[in-house]
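Worksheet for the structure shown next.
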Amino acid sequence: LVCRCEEVTAGEIRQAAREGTVNLNDIKRRCRAGSGWCQGRTCGPAIVEMLAGEHRLPQGAIFRMTQRPPSKPILLSMLTEDSGTDDE
């Protein structure tokens, strides 16, 4: 297993590379590696190394995953100017 969170194997990564994948965002779309709890922090370096090896490229030539800030649901009232609290 390369991606423990999504249970993606090295064989799946290699297959995606043979099909033309050369970046982590495409790997994520094709086989969900990097989509789990760690968001690629654990498996990302191993996937970069595998892609670089498959394509005979330096690791620096492999594009990393797009970083997205964590988000959480909020109440719509929190978006209004008067959020319902009386601070005065």
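Among the residues making up region 1-55, those that are touching a Gly at 6+ places or on another chain (Cβ under 8 Å) and either in contact (Cβ under 8 Å) with a residue 40 or more places away in the chain or among the aliphatic types (A, V, I, L, M) (or both) are Cys3, Leu24, Ile27, Ala33, Cys43, Ile47. Count of region 1-29 residues, restricted to those that are of a type outside the set (A, V, I, L, M) and within 16 Å of Ile62 (Cα to Cα), is 10.
Only the coordinates and a few stated rules stand behind these numbers; no lab work does. Note that the coordinates shown come from a computational prediction; the quantities given were computed from them, not determined experimentally. So basically every Cβ, Gly included, is an ideal-geometry build from the backbone, and we count neighbours across all protein chains shown.
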